[in-house]
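**Student:** First, the structure itself, so that you have it in front of you.
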Amino acid sequence: MPDFTSLRTLAEQTAQHAYAPYSNLRVGAALRATSGAVYAGCNVENASYSIGGCAERAAIAAAVQAEGAAFRLAAIAVAAFSDTGTPLPVSPCGACRQALIEFGIEAGVSFRQPDGSWVEVDVDALLPYRFILPAQ
C-alpha cells in the first residue's frame, strides 16, 4: 500500500476550499499519479444539486488536464469535514468509485472510519461489481 501521509494532509487542506453552502460538507481529495505528480480537488456544490461536483472527480480532472489520457492513478486520500470543522467518515461515492476504477484498478484509497482512524483499501475492493464497457 502506498504512503498516504502527504496525500491525507493535502486532502485535509484542500477540503477547506470546498464550496458547500447547501450540505455544509467540505470534502477534499489528493491523488498521486503513477508519474509521481500530485493533484487535488474539492467538492463544489450548486443550487441545482445534480450539477455539483465531487472532490475525487475534481482531482481526477486536474490530473487528466495535466497529463492527458496517459494519466493513471496510484493513490488517493479523501478527507471530509462538517461546517464546524469536525472530521467525518466519508468514503468515495459510487460515481467516484467508478471514476477511480477507470484510472487505476489497483490504486490505493484512504479515508476516515467512524472512529476517526484512516483505512486503506484497493479501489477494486470499493466497487467489485463495477461497470465495464464491452469491447466492440
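Nothing in this text is a laboratory measurement; each read-out follows from the coordinates by a stated rule. Keep in mind it's a predicted model, so treat the numbers as computed, not measured. For neighbour counting, all protein chains shown are included, and Cβ atoms are generated from backbone atoms with ideal geometry for every residue, glycine included.
**Student:** Testing the spin-label approximation: label points 7 Å from Cα along Cα→Cβ at A66 and I132. State their distance in nm.
**Tutor:** Once both label points are built, they end up 3.1 nm from each other.
**Student:** Angle check, please: helix 55-67 long axis (alpha carbons) against the longest principal axis of the chain (alpha carbons), in degrees 0 to 90, nearest 10.
**Tutor:** 50
**Student:** Which residues make up the longest stretch of the chain that has no trypsin sites (Lys or Arg not before Pro) in a DSSP loop with at most 16 other Cβ atoms within 10 Å? Mind dumping the intermediate values first?
**Tutor:** Working: sites that count: R72, R130.
Longest site-free region, per DSSP loop and neighbour criteria: 1-71.
**Student:** Can you list which of the chymotrypsin sites (Phe, Trp or Tyr not before Pro) found in the range 1-73 are DSSP loop residues with at most 16 other C-beta atoms within 10 Å?
**Tutor:** Sparse-neighbourhood loop chymotrypsin sites (Phe, Trp or Tyr not before Pro): Y22.
**Student:** Could I have the simple spin-label model distance between T5 and Y19, label points 7 Å from Cα toward Cβ, reported in nm to one decimal?
**Tutor:** Between T5 and Y19, the simple spin-label model gives 3.5 nm.
**Student:** Can you give the calculated 222 nm mean residue ellipticity of the chain, where each DSSP H run of n ≥ 4 adds -39,500 (n - 2.57) and the sum is split over every residue, rounded to the nearest 500 deg cm²/dmol?
**Tutor:** So the helix-based figure for the chain works out to -8000 deg cm²/dmol.
**Student:** Helix 94-103 versus the longest principal axis of the chain: what angle, 0 to 90°, nearest 10, using Cα atoms?
**Tutor:** With rounding to tens, the tilt is 40 degrees.
**Student:** On to the next question. Put a dot 7 Å past each Cα toward the Cβ at L88 and Y49; how far apart are the dots in nm?
**Tutor:** Those two pseudo-labels are separated by 1.3 nm.
**Student:** What size of dipole, in debye to the nearest 20, comes out for the range 92-136 about its Cα centre when the only charges are +1 on Lys and Arg C-beta atoms and -1 on Asp and Glu C-beta atoms? Please list the in-between numbers first.
**Tutor:** Numbers: 3 positive and 6 negative charges, 37 e Å.
Here the range 92-136 has a charge dipole of around 180 debye.
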